Amino acid sequence: MDIPVKKELFAVTMITIVMIAIPFVFTDWLPMTDLPQHLSQAHYLSRVLSGNQPDMTVNWLAPNTMTTWLLACMLYVLPPLAAAKTAVFGLLLMSVLGVALLARNTGASPVIVPLAATLLFNQSFYWGLLPFISGFAAFAFLVAGWISLASYSWRVVVLWSLFFLLIFFCHIFWFVAAMTALLLLALVSPDRNTRLRTLFVSALPVIVCALIWYPSLRNNWTNSGFDLAPYWLFPLTVRLRLDYAAFASSGLISNFNLLLPLTSIAFILYGTGRAYVNGSRMVSLPLLALATILLVAYLSMPDKYNNTILFAVRWLPYIFILFLLGSLAPVKASMWGMGVNLLAFAILGSYMTLIAVAWNRMENEEFSGLLQALDKLPPKQKVMGLDYIRESKYVNTETPFATGVAYAETFKDGEANLIFAEHASSLVTYKKTPERPYQRHLSYYSQLVNRRDVSFFDYVLVNADAVTHDQLAVSLGITPVTHQGRWRLYEAGRPD
């Protein structure tokens, strides 16, 4: 890559980073469904390590846990909302830098960086799947580093073993994707045999960790009571539709979403067409091969499996990114090349502005009253969370507020009725899952709650409309502590 292209890539990357920061400036409550539970995990991690939570343990070899360590570090120096914003933005920042480094090392066009940034705000983001998001960032750096690998020694093997462990602890799915990508790159390399040996020897520590961890996970899942069966909710005909691609590429409710897959497809076709007309090879055949493999997986895998949501759809935005990286070579400096960059920045800037407005409105409307309720909540209380509003006007995820009660754990060291420590795949889990004398999953099915359920708690944190709030005090025998906003705090009563 020549110097002008390197300078262009640097400038494009810096502008992209500034643009993706815009939504974070205008909101405190990030609209990510599982974010409260990830903060809760980080909170309990600190308690376990300090010896203050003897009923829980740390699963040191469990994958998909690196973001919990990150959030725990953030919580040491920042309040919960600032810690969450810093960690999430940091993951997006690393993803952008990873894509930029991949573009640099493959010779792909710098315009990919802003195009990829639009695709990072996808369904996985709005569901709050932080480990999966961190896994992509680690994947991008890992593959970029493998492309530039020039020497082989035992030090290189040790270093790559650490890299593989890092991506394993970020997300095991991305470890599998990275191994596939590195294998494809090794097969087309002049020093194929050496690279293959380096790859498999370096991956041995991860294989050992996985072999130790997986049997215990299966045993815990089998006895967990969760539904582990695979479900195909969307057939192939739906997954091939443009509107479904728009849904996968963005969790925001907006007509703008259609522009994201359309733009990606247009640029991919543009890059493919240029290669055909110029009689040149695509930028990276291994990345295109990996994108194709993941595309087949997206079209064929179940939508839910082993209690894991978005099992198939989570891959589509990253499939677009890989196709862009593999097909789009830089254009020479010209008015046309400048126009391509401006178009990508216009799309990114418009989308970030739209997101900033949506997040700000969501905070003022759909998170209204939450901070006041948490302020009024005394420390170390048992808190039941009830969510009567199962949809958002701005975010296209199911039950986007159901895990909000977990904020009581992080803010006030409380104990909630919904906690990810019951999930065997979490970093922090119960040594023995406690008995629940109340109905489970009431945060998701709040209409089933009764006075007996409420009696096991000190307070109730409720997300509901004004009419429902007016009825709850009588129907559940609870006393309002706060009186404004969608989120309100109640003191629990006792059964009749």
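Computed from backbone phi, the HN-Hα couplings of region 163-172 come to 4, 5, 4, 4, 6, 4, 7, 6, 6, 5 Hz, rounded to whole numbers (Karplus: 6.51 cos²θ - 1.76 cosθ + 1.60, θ = phi - 60°; Gly and Pro given as x). Were the residues from residue 28 through residue 193 laid out at 0.36 nm apart, the gain over their Cα-Cα distance would be 54.3 nm. Using the Cα centre of the chain as origin and beta-carbon charges of +1 (Lys, Arg) and -1 (Asp, Glu), tell me which of 126, 479, 306 is placed farthest towards the positive end of the dipole. Going by the charge dipole, the pick is 306. Taking amide hydrogens as placed 1.01 Å from N in the peptide plane, the amide H of residue 252 sits under 5 Å from those of 396, each at least 5 positions away in sequence or on another chain.
Between helix 204-222 and the chain there is an angle of about 30 degrees, using the helix long axis and the longest principal axis of the Cα atoms.
Counting only residues at least eight positions apart within a chain, or on another chain, the lysines with an alpha carbon under 21 Å from that of residue 85 are 412.
Neighbour counts of other Cβ atoms within 10 Å put 237, 13, 67 in the fewest-to-most order 237, 13, 67. Taken over the alpha carbons of the chain as equal point scatterers, the Debye sum produces base-10 log I(q)/I(0) values at 0.07, 0.08, 0.11 Å⁻¹ of -0.40, -0.52, -0.96. Applying a DSSP loop filter and a limit of 15 other Cβ atoms within 10 Å to the trypsin sites (Lys or Arg not before Pro) in region 252-359 leaves 281, 332. Using all pairs of distinct alpha-carbon atoms, the Kirkwood hydrodynamic radius of region 386-496 works out to 14.9 angstrom. Charge dipole (Cα centre; +1 on Lys/Arg Cβ, -1 on Asp/Glu Cβ; no other charges) of the chain amounts to roughly 1280 debye.
Helix 259-278 and the longest principal axis of the Cα set of the chain meet at an angle near 10°.
Each principal axis of the Cα atoms in region 329-417 has its own extent, and those three values, largest first, are 64, 24, 21 angstrom. From the alpha carbon centroid of region 75-110 to that of region 148-174 is 19 Å. Angle check, please: helix 130-147 long axis (alpha carbons) against the longest principal axis of the chain (alpha carbons), in degrees 0 to 90, nearest 10. For 130-147 against the chain, the angle is about 20 degrees.
Residue order for 201, 395, 296, fewest other beta carbons within 10 angstrom first, comes to 296, 201, 395.
Summed over all non-identical Cα pairs, the Kirkwood treatment of region 135-208 gives a radius of 12.0 Å.
Remark: the residue 364-residue 332 segment gains 6.9 nm on full extension, using 0.36 nm per residue and subtracting the alpha carbon distance.
Here is the list for region 53-95: chymotrypsin sites (Phe, Trp or Tyr not before Pro) lying in DSSP coil, each with at most 14 other C-beta atoms within 10 angstrom of its C-beta, are 60. Residues 73, 209, ranked from the fewest to the most other C-beta atoms within 10 Å, line up as 73, 209. At what distance in angstrom do the alpha carbon centres of region 382-414 and region 277-292 lie from each other? The distance from the Cα centre of region 382-414 to that of region 277-292 comes to 44 Å. Considering only 325, 343, 60, whose Cα is most displaced toward the positive end of the charge dipole of the chain, charges sitting on Cβ of Lys, Arg (+1) and Asp, Glu (-1)? The listed residue farthest towards the positive side: 325. Each residue, residue 176 and residue 265, gets one label point 7 Å from its Cα in the Cβ direction; the gap between the two is 2.7 nm. Extension gain for residue 450-residue 207 works out to 82.7 nm (0.36 nm per residue, less the C-alpha to C-alpha distance). The aspartates and glutamates whose alpha-carbon is closer than 19 Å to the alpha-carbon of residue 432, local same-chain residues fewer than 8 away aside, are 55, 415, 422.
Taking GluC sites (Glu not before Pro) as exposed when DSSP calls them loop and at most 16 other C-beta atoms lie within 10 angstrom, the chain has its longest site-free stretch at 1-390.
Values in this text are rule-based calculations from the coordinates and carry no lab data. Just so you know, these numbers come straight off a predicted model, no measurement behind them. Quick reminder, even Gly has a Cβ in these numbers, built from the backbone with ideal geometry, and neighbours come from all protein chains shown.
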